[in-house]
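Following: one structure in structure tokens, then a few remarks.
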Amino acid sequence: QIEKSMQRYGTLLLSMDAGAVSNMYAPDGIWERTSGPLTGRDAIRNALANSNGITVLAVDIKTSYMSYNGPAVVQTGDIIQTVKLPNGKTVNSAARFEATWIRSSTGEWWIKRMSTRPNAKASGT
């Protein structure tokens, strides 16, 4: 179920659906990014909605490890994205992720905390 949820997350990133991506987080979920953490669905949605002309062209998410930590599941792996910048340049970026998933009262899996750290230099074409 976690793997399926993460693949859905990647599909939503690709479609640039800021509302749907932010709703995959717990209401008080945290997205830790290089530019600073965002807490709560509204902050995450606003950051994703303000893409400043960047278009996501491809997303590839690969899980390398999952562990159970009480009621949570911790998933780690790699995310590779290809994006088109406003100037038309295409850039590939790679990051290591760690996602902590919790189950909502309705049984849906939510991201409680997502941390991404670049693990390779971005390249442009």
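The values are calculated or read from the model by the stated rules, or taken from the named source; none is laboratory data. If you're wondering where the values come from, they're calculated on a predicted model, not measured in any experiment. Cβ placement follows ideal geometry from the backbone for every residue including glycine, while neighbour counts extend to all protein chains displayed. These accessible areas exclude ligands, DNA and RNA; they are computed on the full protein's heavy atoms, side chains included. Shrake-Rupley method; radii C 1.70, N 1.55, O 1.52, S 1.80 Å.
Observations, loosely collected:
- Flag for THR34 being modelled with pLDDT under 90 and hydroxyl-bearing (Ser, Thr, Tyr): yes
- Selection status of ALA18, over 15 Å from SER5 (Cβ atoms), touching a residue at least 24 places away in the same chain (Cβ under 8 Å) and either within 13 Å of the chain's Cα centre (by Cα) or open to solvent by less than 30 Å² (accessible area, probe 1.4 Å) (or both): yes
- Check on GLY36, of a type outside the set (S, T, N, Q) and assigned to a loop (DSSP other than H, G, I, E, B): yes
- For the range 86-118, the set of residues classified as assigned to a loop (DSSP other than H, G, I, E, B), of a type outside the set (S, T, N, Q) and open to solvent by 50 Å² or more (accessible area, probe 1.4 Å) consists of PRO86, LYS89, GLU108, listed by residue number.
- Filtered residue count, the range 24-42, keeping only those that are more than 13 Å from THR100 (Cβ to Cβ), of a type outside the set (Val, Ile, Thr) and surrounded by fewer than 17 Cβ atoms within 10 Å (Cβ to Cβ): 7
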